[in-house]
Amino acid sequence: MRSDFRAFCADALADIQAQGRYRRFTPLAKQAARFPYYRRPDGREVLVWSANDYLGMGNHNVVIEAACEAARAMGAGAGGTRNIGGTSPAHVALEAELAALHAKPAALLFTSGFVSNQAALATILNSRPAGPERPWHVFSDEKNHASMIAGIKGARGIVCHIFRHNDLAHLETLLAAAPADAPKLIAFESVYSMDADIAPLPGLCDLAERFGAMTYLDEVHAVGMYGAHGGGVSERDGVAHRIDLIEGTLAKAFGCHGGYVAGDATVIDYIRSAAPGFIFTTSLPPMIAAAALASLRHVRATPALRSTLFERAGALKARLAAAGLPVIPSVSHIVPVHVGEAARCFAISERLLAEFGMYATPINYPTVPRGQERLRLTPTPLHTDAMMDQLVAALSTILLPARAA
C-alpha cells in the first residue's frame, strides 16, 4: 500500500508538471530597509511586485520595534494554547482593537486567515439552532476562497447552494427556493483577490435581511486599505453594522501574521468555546500579536497610506493600459495581467526574474480557471514611478512580441 501511494503521488505530480502548473518556490529575503526590494540567495536584488504586504507595514519601524520589545519581554513563542498559558496582554488588546476596527462588540484571533475561515464557518454550520430536522442552508459565492470552501465542506448535514459570482438575482432565486424557516447563512468576500473586483455588499445585506439570513464576510484583501479607518469595504460602503461576522487577516495590509473574526459577543464566545481550530492550537506568539497591534493602530490613524495605495494602483493600471499590455480591468488595488496558459505564465514570470530582476507571481489553475492564468501585481505606496516604468518596459519586451505573432 505504501508503494502504491508513492506511485500515485509520483503520477499526480508528473501530471501537474505536464500541465505547467507545478509550484516552484522562489527563495527571496525581504529587506526591511529597502522594501519592495528583496534579495536572492546569491545576493542579487529583486524588485517584488506580488507581495501581499500591501502597505509595506511589515517593514515599518513601529511594527518591528513592537515585535522586538515584546520578544525581549515575553520570548519568541506563546508556549501554549490560549487556554494553557497562551493568552498575553497583547492578545487581549489586539482582539479589542480588531473589534473596534469593525465597530463590533468582540473579536477572536486565529493562527491564520485560512484557519479563521475554516474554523469559524465549520463551527457555525455544525451547530443546529433550529434542531436536527432543519439543517443550515448556506449560500456561497462561486469564487469564494479555498478556506471558506474548506469550512463549508467541514460542516455535516448542511445544504449548500453556490450562487454565480456577485450575482444578486441568482442569489435571490436560491434564497426564495429554500425553506423559509431554515437557518440560512450567506458567505462572500469583499475584494476578490484574483479578479480584483468587489462584491455588492449593500445588495447582499438587503437580501440577507429580506430572507432572514446571517451574513459572513471575508475582508482579508480589504482590511487596512478601504474605509476611513481601514475597516474594509464594509466600512467604506457603510454596511459593517449589517454584517453579522467579519473575517480578516493580520498578514496582508498589517504586514504581520494571523487571522480573526469579529461580531456579536455571544456568537464570538460560542466560536471561542466550540471551534477545534481555535481551542487545540498554540496561540500566536506574543511578539506577533504586539507587532500586529502596533501596525493596526498606525494604519487606522494614517489615512494617507490608503490614499497613496490607490494612487499607486491607478498609476500602474494607466501605464500598463497605455503600453497596450493585457491588464484585466480592476476596481480594487490589485492589478492582474492576463496571460491565458499555465506554462506560458510560469515562463513569463521566470523570464521577468532572470532577465529583469523583477518578481511577479504566476497565478495558475486551480487558483484561477484554466485559460485565465495571469500575473498578479500588487503595487504598494513604496513602488515609485521609476519602478513602474521598469516593469512596463520589461513586460512589453516579453509580452507584446508574442501577442503580435
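Residues in the range 313-344 that are part of a helix (DSSP H, G or I) and either farther than 28 Å from G58 by Cα or open to solvent by 20 Å² or more (accessible area, probe 1.4 Å) (or both): G314, K317, A318, R319, A321, A322, A342, A343, R344.
Determine, yes or no, whether A196 is touching a residue at least 12 places away in the same chain (Cβ under 8 Å) and surrounded by fewer than 22 Cβ atoms within 10 Å (Cβ to Cβ). Don't jump to the end; show me each part of the working.
Numbers: touching a residue at least 12 places away in the same chain (Cβ under 8 Å): yes; surrounded by fewer than 22 Cβ atoms within 10 Å (Cβ to Cβ): no.
Judged against the criteria, A196 is not a match.
Residues that are of a type in the set (D, E, K, R) and crowded, with 16+ Cβ neighbours inside 10 Å: does the range 165-172 have at least one?
If we filter the range 165-172 for residues that are of a type in the set (D, E, K, R), which is where we start, we get 167, 172.
If we keep only those that are crowded, with 16+ Cβ neighbours inside 10 Å too, we end up with 172.
Yes.
Residues checked against (1) part of a loop (DSSP other than H, G, I, E, B); (2) open to solvent by 40 Å² or more (accessible area, probe 1.4 Å):
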| residue | (1), (2) |
| --- | --- |
| L185 | no, no |
| P202 | no, yes |
| A208 | no, no |
| Y216 | no, no |
| G231 | yes, no |
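The rows are residues; the columns are (1) closer than 26 Å to Q19 by Cα; (2) at pLDDT 95 or above; (3) open to solvent by 40 Å² or more (accessible area, probe 1.4 Å); (4) not in a loop (DSSP other than H, G, I, E, B).
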position	(1), (2), (3), (4)
P366	yes, no, yes, no
P369	yes, no, yes, no
Q372	yes, no, yes, no
P379	no, yes, no, no
M387	no, yes, no, yes
A393	no, yes, yes, yes
T397	yes, yes, yes, yes
P401	yes, no, yes, yes
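Taken together, I149, I162 contain a single residue that is open to solvent by 30 Å² or more (accessible area, probe 1.4 Å), β-branched (V, I, T) and not in a helix (DSSP H, G or I), which is I162. So T215 ticks every box in (1) closer than 21 Å to D264 by Cβ; (2) modelled with pLDDT under 95; (3) among the polar types (S, T, N, Q) but one. Which box is left unticked? Among (1) closer than 21 Å to D264 by Cβ; (2) modelled with pLDDT under 95; (3) among the polar types (S, T, N, Q), T215 violates only (2). If the condition is being within 22 Å of A100 (Cβ to Cβ) and either part of a helix (DSSP H, G or I) or open to solvent by 20 Å² or more (accessible area, probe 1.4 Å) (or both), then the range 273-286 contributes F278, P286. The single condition among (1) touching a Pro at 6+ places or on another chain (Cβ under 7 Å); (2) touching a residue at least 24 places away in the same chain (Cβ under 8 Å) that L101 does not meet is (1).
Taking the criterion of being part of a loop (DSSP other than H, G, I, E, B), basic (K, R) and under 14 Å from T380 (Cβ atoms), the only residue of the range 18-51 that qualifies is R34.
Within the range 55-65, one or more residues are assigned to a loop (DSSP other than H, G, I, E, B), open to solvent by 20 Å² or more (accessible area, probe 1.4 Å) and either out of contact with any Pro (no Cβ under 7 Å at 6 or more places or on another chain) or at pLDDT 95 or above (or both). Of all residues in the range 3-49, those that are closer than 30 Å to G371 by Cβ and open to solvent by 100 Å² or more (accessible area, probe 1.4 Å) total 5.
Considering only residues of the range 237-272 that are assigned to a helix (DSSP H, G or I) and of a type in the set (V, I, T), which is surrounded by the fewest Cβ atoms within 10 Å (Cβ to Cβ)? Show your work before the answer.
As a first pass, look at the range 237-272 and keep what is assigned to a helix (DSSP H, G or I): 240-242, 265-272.
Those left that are additionally of a type in the set (V, I, T): 266-268, 271.
Numbers: T266: 9, V267: 20, I268: 22, I271: 24.
Restricting to residues being assigned to a helix (DSSP H, G or I) and of a type in the set (V, I, T), the top hit is T266.
Working only within the range 287-312, note down all residues that are farther than 23 Å from L382 by Cα and open to solvent by less than 30 Å² (accessible area, probe 1.4 Å). Residues satisfying the conditions are A289, A290. The number of residues in the range 110-167 that are of a type in the set (D, E) and in contact with a strand residue (DSSP E or B) (Cβ under 7 Å, 6 or more places away or on another chain) comes to 2.
Restricting E311, E247 to residues that are within 27 Å of N126 (Cβ to Cβ) and at pLDDT 95 or above narrows the list to E247.
Residue count for the range 349-362, restricted to those that are surrounded by fewer than 22 Cβ atoms within 10 Å (Cβ to Cβ) and closer than 22 Å to I16 by Cβ: 5.
Filtering the range 90-134 to residues that are in a helix (DSSP H, G or I), closer than 25 Å to C68 by Cα and not aliphatic (A, V, I, L, M) leaves H91, E95, E97, G113. Close Cβ contacts (under 6 Å, 6 or more residues apart or on different chains) running from residues in the range 289-307 that are farther than 13 Å from L101 by Cα and part of a helix (DSSP H, G or I) to residues that are open to solvent by 60 Å² or more (accessible area, probe 1.4 Å) and not small (G, A, S) comprise A294/V62.
The values are calculated or read from the model by the stated rules, or taken from the named source; none is laboratory data. As the structure is a prediction and not an experimental result, all values here were calculated from the model. Note that each Cβ is placed from the backbone with ideal geometry, even for glycine, and that neighbours are counted across all protein chains shown. All accessible areas refer to the heavy atoms of the entire protein, side chains included, with ligands and DNA or RNA removed. Shrake-Rupley method; radii C 1.70, N 1.55, O 1.52, S 1.80 Å.
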